[in-house]
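Worksheet for the structure shown next.
The values are calculated or read from the model by the stated rules, or taken from the named source; none is laboratory data. The model shown is predicted, which means the values in this text are computed figures rather than measured ones. Cβ placement follows ideal geometry from the backbone for every residue including glycine, while neighbour counts extend to all protein chains displayed. The accessibility values were calculated without ligands, DNA or RNA, using every heavy atom of the protein model including side chains. Shrake-Rupley method; radii C 1.70, N 1.55, O 1.52, S 1.80 Å.
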Amino acid sequence: MLVSHTLHWWQKEIIYQVYPRSFKDTSGNGIGDLRGITQKAVYFQWLGVKAVWLSPVYPSPMKDFGYDISDYCNIHPTLGTMEDFDNLLHELHERGIKLIMDLVPNHTSDVHEWFMESRKSKDNPKRDWYIWADPADSGGPPNNWRSEFGGSAWELDSQTGQYYCHSFLKEQPDLNWFNPEVREAMWEVMRFWLNKGVDGFRVDVLWYLIKDRLLRNNPPNPDWEEGMPDHDKLITAFSNDQPEVHDVVEEMRRVVDEYPNRLIIGEIYLPVDKLVMYYGKEPDTGVHLPFNFHLVSTEWDAQQINKLISEYEGALPAGGWPNWVLGNHDKSRIKARVGEDQLFNAALLLLTLRGTPTMYYGDELGMNDVEIPPEKIQDPREFREPGIGVGRDPQRTPMQWNNSKNAGFTNHDPWLPVGADYQTNNVDSLMENQHGLLQFYHDLIALRQKEPALHGGSFHPVGVQNQLLCYRRQHEQSAFFIALNLGKEETSFTPSFKWRGVVEIASNPKRKGKKIENTIHVNGNDGLLIRITGNSEAG
Ligand code: GLC
């Protein structure tokens, strides 16, 4: 098994996602900014975060809140200047914290100069940088592909009579990744930021880059029902995850590898067997971490999660490093999904499974989805398909720093409402609470960093009893037993081997320091991390 000094930083440390508009406003306009993030570098340091990923900070008309980029090598004026960015990078690096940028290569904004050129005429040199096609023989869009945000994935450009493909909003035209010039242009964007010293990229919708060359129709999804998102009407057999995407990923990896010690993470929502293909056919030819979102979609049930872990661990290619995610800016908050009572277990699971954990800002405070009054809605997804739960504003609300007005996020009207629970669920108040969730994250992260068994050790499933999920982490002679009761009933479990240990971290502080021998009893909703002091099976 790997020992900690042979691990890369991105294997050992946790990644923390900041949604810049919602982290900390210093300019007083109700929108978070780069200076705000710099100001809070001390918080990352206190929490033990060693890598921060920023959602996009580039110039953008903000149709999709920064995921529609009009200039890849600049900073959005609302968020600050390039000097602010350089300061942020410097401040983080001074504290030993890495910075990961969001790279959005699948599409640009429709006001990006590349697209403005491309749409001018059929023979414009940039025409082939985007995916243009003639209307179908019978008229209308070239095929049946749907946008992720509902409606056709094709928009007619009346000036040239052709349609362009947009997998998201019509203001986000898809680049043509079969075109080598497009690839080279994006590699130059990457080098621009890598030369500045950023530590890597989280690559937006990586599995979308290549579509079927023949633009064949997608088959219908027999499981689609009224009330489900429009996009799910079809199975995306031809509109994403095509075989040639892996060549693009390999080229992308080579660019990152021109620089020492950098990381690429791919945003990929695919079943486990397809997801792991993004590690590459050969070692070091894919992304380092294809984001594993399966904890987000799997039922909070000990059997189901146990099955997921073994399926995922079993599918990893040789040398493929695992990773786990509990939340992000596109998904309901973990609290809204599993409830307050399970938040300590969610933290334990994320931080003790084998592989790199990615946290979403505010989850360490137990921030909840916030109900957004109709007049405050911002997300285009909600406007396009109202009331079916696809809007993403509830999980993008301001970080809750303290109990002053607007939770200390801004002294203006915040762009999204602050959660009603901010008076108690905020950084300052929770730092005072030794038994609260924030301190629990802090202690757990510190232990994870210190213990090779937790950040680099092997993973061994131990068993599931009712809703009690048990596993073991081991490195040489040091080992931990993790027992998480995902249900409400007290449950006992006796593993097949003899062992004893001492509780090191517990959701119920009364159990801390208690000795355990062979049989473990765990109250409903409780979770324990036990240092194994004797084990008949593994030393
Ligand atoms: C990714 C982003 C999401 C965005 C979409 C289009 O899924 O996480 O926020 O809307 O890509 O760029």
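Observations on the model:
- Filter pass, Thr108 being closer than 22 Å to Met252 by Cβ, at pLDDT 95 or above, in contact with an Asp or Glu (Cβ under 8 Å, 6 or more places away or on another chain) and of a type in the set (S, T, N, Q): yes
This table checks each residue for (1) farther than 23 Å from Val49 by Cβ; (2) within 16 Å of the ligand (Cβ to nearest atom); (3) open to solvent by less than 10 Å² (accessible area, probe 1.4 Å).
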position	(1), (2), (3)
Ile334	no, no, yes
Tyr361	no, yes, yes
Asn368	no, no, no
Glu385	yes, yes, no
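- Failed item in (1) surrounded by fewer than 21 Cβ atoms within 10 Å (Cβ to Cβ); (2) of a type outside the set (Gly, Ala, Ser); (3) free of Cβ contacts under 8 Å to residues at least 60 places away in the same chain, with Ile37 passing the rest: (1)
- The set of residues in region 489-507 that are under 20 Å from Phe440 (Cβ atoms) and part of a loop (DSSP other than H, G, I, E, B) contains only Ser507.
This table checks each residue for (1) touching an Asp or Glu at 6+ places or on another chain (Cβ under 8 Å); (2) within 28 Å of Lys170 (Cβ to Cβ); (3) within 16 Å of the ligand (Cβ to nearest atom).
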| site | (1), (2), (3) |
| --- | --- |
| His8 | no, no, no |
| Lys24 | yes, no, no |
| Leu34 | yes, no, no |
| Gln39 | no, no, no |
| Ala51 | yes, no, no |
| Cys73 | no, yes, no |
| His76 | no, yes, yes |
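- All positions within region 262-285 that are over 16 Å from Met190 (Cβ atoms) and open to solvent by less than 10 Å² (accessible area, probe 1.4 Å): Ile268, Val272, Leu275, Tyr278
- Answer residue from region 161-185, given it is crowded, with 21+ Cβ neighbours inside 10 Å and among the aromatic types (Phe, Trp, Tyr) and is nearest to Glu117 (Cα to Cα) among those: Tyr164
- Looking across Leu7, Leu47, one residue alone is modelled with pLDDT of 95 or more and either touching a strand residue (DSSP E or B) at 6+ places or on another chain (Cβ under 7 Å) or farther than 29 Å from His412 by Cα (or both). It is Leu7.
- Within region 53-71, the residues that satisfy the criterion of being of a type in the set (S, T, N, Q) and either within 12 Å of the ligand (Cβ to nearest atom) or free of Cβ contacts under 8 Å to residues at least 40 places away in the same chain (or both) are Ser55, Ser60.
- Among the residues of region 246-261, just one is open to solvent by less than 50 Å² (accessible area, probe 1.4 Å) and without any contact (Cβ under 8 Å) to a residue 40 or more places away in the chain, namely Arg253.
- In region 126-135, of all residues being surrounded by 15 or more Cβ atoms within 10 Å (Cβ to Cβ) and assigned to a loop (DSSP other than H, G, I, E, B), the one that is nearest to the ligand (Cβ to nearest atom) corresponds to Ile131.
- The number of residues in region 378-416 being without any contact (Cβ under 8 Å) to a residue 60 or more places away in the chain and in contact with a helix residue (DSSP H, G or I) (Cβ under 6 Å, 6 or more places away or on another chain) comes to 5.
- Every residue from region 220-237 that is open to solvent by less than 50 Å² (accessible area, probe 1.4 Å), assigned to a loop (DSSP other than H, G, I, E, B) and on the phi < 0 side of the Ramachandran plot: Asn221, Pro229, Thr236, Ala237
- Condition met for Tyr278 (within 16 Å of the ligand (Cβ to nearest atom), hydroxyl-bearing (Ser, Thr, Tyr) and either under 15 Å from Leu316 (Cα atoms) or in a loop (DSSP other than H, G, I, E, B) (or both)): yes
- Of all residues in region 293-325, those being in contact with a Leu (Cβ under 8 Å, 6 or more places away or on another chain), outside any loop (DSSP other than H, G, I, E, B) and touching a residue at least 60 places away in the same chain (Cβ under 8 Å) number 4.
- Residue check, Leu88 more than 16 Å from the ligand (Cβ to nearest atom) and closer than 18 Å to Phe192 by Cβ: yes
- So Ala453, is it open to solvent by 10 Å² or more (accessible area, probe 1.4 Å), closer than 23 Å to Trp324 by Cβ and more than 16 Å from the ligand (Cβ to nearest atom): no
- Enumeration of residues in region 502-539 that are closer than 11 Å to Ala483 by Cβ and touching a Lys or Arg at 6+ places or on another chain (Cβ under 7 Å): Val503, Ala506, Ile516, Leu528
- Identity of the residue in region 220-274, away from the ligand (no atom under 16 Å from the Cβ) and aromatic (Phe, Trp, Tyr), that ends up farthest from Asp102 (Cα to Cα): Trp224
- Taking region 477-490 as the range and being surrounded by fewer than 23 Cβ atoms within 10 Å (Cβ to Cβ) and either out of contact with any helix residue (DSSP H, G or I) (no Cβ under 8 Å at 6 or more places or on another chain) or more than 24 Å from Gly513 (Cβ to Cβ) (or both) as the test, the residues that pass are Gln477, Gly487, Lys488, Glu489, Glu490.
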